[in-house]
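Q: Quick one: structure below, then a few questions.
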Amino acid sequence: MSARSSLTVVLAAGEGKRMRSSLPKVLHPVASQSLLAHVLHASPSGPAARLALVIGPDHAAVADEARRIRPDAEIFIQRQRLGTAHAVLAAREAVARGADDLLVAFGDTPLISAETFARLREPLNKGAALAVLGFRAVDPTGYGRLLMQGEQLVAIREQADASEAEKEVTLCNAGVMAFDGKKAVSILDRIGNANGKSEYYLVDAVEIVRDMGLEAAVIETSEDEVRGINTKAQLAEAEAVMQARLRKAAMDAGVTLIAPETIYLAADTTFGKDVTIEPFVFLGPGVSIADGAVIHSFSHIVQAVIGKKAEIGPFARLRPGASLGERVKVGNFVEIKASTLETGVKVNHLAYIGDAEIGASANIGAGAITCNYDGFFKHKTTIGKEAFVGTNSSLVAPVKIGDRAYIGSGSVITKDVPDDAMAIERSQQSNREGGAARYREIKTRAKKPKT
Ligand code: UD1
Ligand code: MG
């Protein structure tokens, strides 16, 4: 099987009007990953697997997303939306170049799995010219119906063209198809547009294949796997299916989810051994959680690395670039962004740590803040190992706190503090003038070209 080469053509030229969004439909996320990314990840990959994407005009962002995941993707533009077969032929150049198997998938069907693509290719290996992915729809309205004669697939009838009897059929077309690559162009070229909508329907390939004296096969899958997304409500349904899958996979891998239905995972979340996640936790994209870590309730975590035996939350927020070492503790109402916390650092309560590097075993007191932003620029804070930052201290960046330094509570630190030093700096000054001048000064700096 794997010896056969493939070309997967992903159709995504639809406008997705029913999403009522300025974002192209296939860029909407499910489990923090675009619909398109899900389809591309499931599509065959490897040296003998090519990929083509058909997009609408003005959808450069869709092309960018495809290339991010599959740098080898060939992009084709379908200028007029004349139907699914017309869309596949927008990629004619790639199709004509030939592959053993031509797979057609839809960009708005994110729950499809790699195994299903593999199953769909099996009949081709046994001599069929076409294999269609089918499913039993709870409500078949709107789907193309698979018309069978015994075991033989004889036609697919679109809703608009179906008779009353045909509308009763619940075996439906998922939209995903596999063609014998050598015959694909001649089959596709025969498809016409004599139907209710005057569109070139890919589904007509079935009757054409039969007329050519060739075989069309059906491979069945579950409805959940082929849900197409057309509306925000369907997007939410797909999210629910995907979350259920991700939670199950996490638990199968040994993660303890105390109340799985309350935990949101991303498609790319990675876990070590013996991780525990308490109820009501949101994990966005790019999160990895190492062995033995515990995430307490109501934590929100995005693009963050969590070290072994670290403890996060409850009510913690880890933003992009938070990198926490072993046994780090981040407690309630703490926000961490673009910062590295070495082994054993504790930030237990009500703190903001942004653009900082904190050495091993440092202790950051309640209410401590890295003042990383002056209104225009971000600045860095460095805190040495075993340093102690007293409660309610403001570290005005750029600033360095030495190893084992001790900052008295309520300090406003504007100058570097050497190793082992003690700094207690509470301004008694009451100077309420000059704010506007100070702001203007920073603004002037902001306007100077960067060197
Ligand atoms: C299609 C199938 C139907 C099937 C259903 C499953 C056809 C004719 N009908 O219907 O049998 O049950 O999917 O969801 O194939 N697209 C283009 N260019 C076009 C037209 C469509 O790129 O000119 C893309 C869309 O972006 C979408 C996919 O093709 O990704 C399917 O198009 P859509 O209009 O949603 O087809 P359905 O009416 O749902
Ligand atoms: Mg559709």
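Q: What net charge is computed for the residues neighbouring G410, neighbours being all others with C-beta under 10 Å from the C-beta of G410, Lys and Arg scored +1, Asp and Glu -1? Can you show the working numbers first?
A: Values: positive: R426; negative: E425.
Charge balance near G410 sits at 0.
Q: Would you mind checking the tilt of helix 114-125 against the longest principal axis of the Cα atoms of the chain, expressed as 0 to 90 degrees and rounded to 10?
A: Orientation of helix 114-125: about 20 degrees from the principal axis.
Q: Quote the relative contact order of region 152-273 in percent (integer), defining contacts as alpha-carbon pairs under 8 Å separated by 6+ residues.
A: Numbers: 71 pairs, mean separation 25.8, N = 122.
Computed value for region 152-273: 21 percent relative contact order.
Q: Could you work out the equivalent-ellipsoid semi-axes for region 378-435, taking the square root of 5 times each eigenvalue of the Cα gyration tensor, largest first, in whole Å?
A: Numbers: eigenvalues 91, 36, 14 Å².
After diagonalising the Cα gyration tensor, the semi-axes are 21, 13, 8 Å.
Q: So what's the net charge close to D419: Lys and Arg +1, Asp and Glu -1, counting the other residues with Cβ under 9 Å from its Cβ? Please report the intermediate quantities before stating the final value.
A: Values: positive: R404; negative: D403, D420.
Within the 9 Å Cβ shell, the charges total -1.
Q: Could you tell me whether region 287-402 comes out rounded, prolate or oblate from its Cα gyration tensor? Rule is a ≥ b ≥ c as square roots of the eigenvalues, rounded for a/c under 1.5, then prolate if a/b exceeds b/c, otherwise oblate. Mind dumping the intermediate values first?
A: Values: a/c = 1.62, a/b = 1.43, b/c = 1.13.
Since a/c reaches 1.5 and a/b is larger than b/c, the shape of region 287-402 is classed as prolate.
Q: Something else now. Under the rule of -39500 (n - 2.57) per DSSP H run of 4 or more residues, summed and divided by the residues of the chain, what mean residue ellipticity at 222 nm is obtained, to the nearest 500 deg cm²/dmol?
A: Numbers: 10 runs with 94 residues, N = 451.
One gets -6000 deg cm²/dmol as the mean residue ellipticity at 222 nm.
Q: Calculate the spin-label point distance for N348 paired with Q80, positioning each point 7 Å from the Cα along the beta-carbon direction, and give it in nanometres.
A: 7.2
Q: Along Cα→Cβ, 7 Å out, is where each label goes; now give me the distance between the ones at A446 and K248 in nm to one decimal.
A: 5.1
Q: Return the lysines within reach of K447: Cα separation strictly under 18 angstrom, same-chain partners fewer than 8 residues apart disregarded; answer none if there are no such residues.
A: Hits, sequence-local ones excluded: K378.
Q: Can you figure out the FRET efficiency of A160 with E220, using R₀ = 30 Å and their beta-carbon distance, to the nearest 0.05? Walk me through the numbers on the way to the answer.
A: Details: r = 24 Å, r/R0 = 0.80.
Working from the Cβ atoms, E equals 0.80.
Q: In addition: If you stretched the chain out fully between E433 and S113, how much longer would it get, using 0.36 nm times the residue separation minus the C-alpha to C-alpha distance?
A: On the way: separation 320, 0.36 × 320 = 115.20 nm, distance 6.39 nm.
Difference between extended and current length: 108.8 nm.
Q: Enter the angle in degrees (range 0 to 90, nearest 10) between the Cα long axis of helix 435-447 and the first principal axis of the Cα atoms of the chain, meaning the one along which they spread out most.
A: For helix 435-447, the angle is close to 50 degrees.
Q: Note the full-extension length gain between K183 and H379 as 0.36 nm times their separation in residues minus their Cα-Cα distance, in nm to one decimal.
A: Working: separation 196, 0.36 × 196 = 70.56 nm, distance 6.15 nm.
Once the chain is fully extended between K183 and H379, it gains 64.4 nm.
Q: Starting at 0 and stepping by 10 Å, how many percent of the alpha carbon pairs of region 175-281 end up in each bin?
A: Binned Cα distances yield the sequence 12, 28, 21, 17, 15, 7.
Q: Would you mind calculating the relative contact order of the chain from Cα pairs under 8 angstrom and at least 6 residues apart, reporting the percent as a whole number?
A: Values: 1152 pairs, mean separation 38.5, N = 451.
Relative contact order of the chain: 9 percent.
Q: What Kirkwood Rh does region 353-451 have if only Cα atoms enter the pairwise 1/r average? Answer in Å. List each step's numbers first, then the result.
A: Details: mean 1/r = 0.0702 Å⁻¹.
In region 353-451 this quantity evaluates to 14.2 Å.
Q: Let me ask something else about it. Tell me, Kirkwood radius of region 105-144 from alpha-carbon pair distances, in Å? Each step should come with its number before you reach the end.
A: On the way: mean 1/r = 0.0836 Å⁻¹.
It works out to 12.0 Å.
Q: Can you pull the three principal axis extents for the Cα set of the chain, in Å, largest first?
A: The principal-axis extents, from largest down, are 91, 50, 41 Å.
Q: Cα gyration tensor of region 255-299, axes a ≥ b ≥ c as square roots of the eigenvalues: rounded (a/c below 1.5), prolate (a/b > b/c) or oblate?
A: On the way: a/c = 1.69, a/b = 1.08, b/c = 1.56.
Since a/c reaches 1.5 but b/c is at least a/b, the shape of region 255-299 is classed as oblate.
Q: Normalising by the residue count of region 54-126, find the relative contact order in percent from Cα pairs under 8 Å and 6+ residues apart.
A: Values: 35 pairs, mean separation 18.5, N = 73.
Taking the mean separation of contacting Cα pairs over the length of region 54-126, I get 25 percent.
Q: A further question follows. Looking at this model, which pairs from K25/K232; K248/K337; K337/K443 are more than 21 angstrom apart at the alpha-carbon?
A: Flagged as over cut-off: K248/K337; K337/K443.
Q: From the square roots a ≥ b ≥ c of the eigenvalues of the alpha-carbon gyration tensor of region 212-258, which class results: rounded (a/c under 1.5), prolate (a/b over b/c), or oblate? Mind showing how you got there, number by number?
A: Numbers: a/c = 5.94, a/b = 1.76, b/c = 3.37.
Oblate shape, in that a/c is at least 1.5 and b/c is the bigger or equal ratio.
Q: Something else about it: I need the P(r) histogram for region 243-353: all alpha carbon pairs, bin width 5 Å from 0 out to the longest distance, whole percents.
A: Spelled out bin by bin, region 243-353 gives 3, 14, 26, 30, 16, 8, 2, 0 percent.
Q: Where Rh is the Kirkwood radius over the Cα pairs of region 65-143, the temperature 25 °C and the viscosity 0.890 mPa s, what D in µm²/s does Stokes-Einstein return? Don't skip to the end; give the middle numbers.
A: Working: Rh = 15.0 Å.
Translational D for this selection: 163 µm²/s.
Q: Then there's this: What full-extension length gain, to one decimal in nm, is calculated for K273 and R67 as 0.36 nm per residue of separation minus the Cα-Cα distance?
A: Details: separation 206, 0.36 × 206 = 74.16 nm, distance 3.31 nm.
The span from K273 to R67 would gain 70.8 nm if fully extended.
Any read-out appearing in this document is the output of simple, stated calculations on the displayed coordinates, not a laboratory observation. All figures in this text were calculated on a predicted structure; none of them were measured in a lab. Don't worry about glycine lacking a Cβ; one is built from the backbone with ideal geometry, like all the others, and counts go over all protein chains shown.
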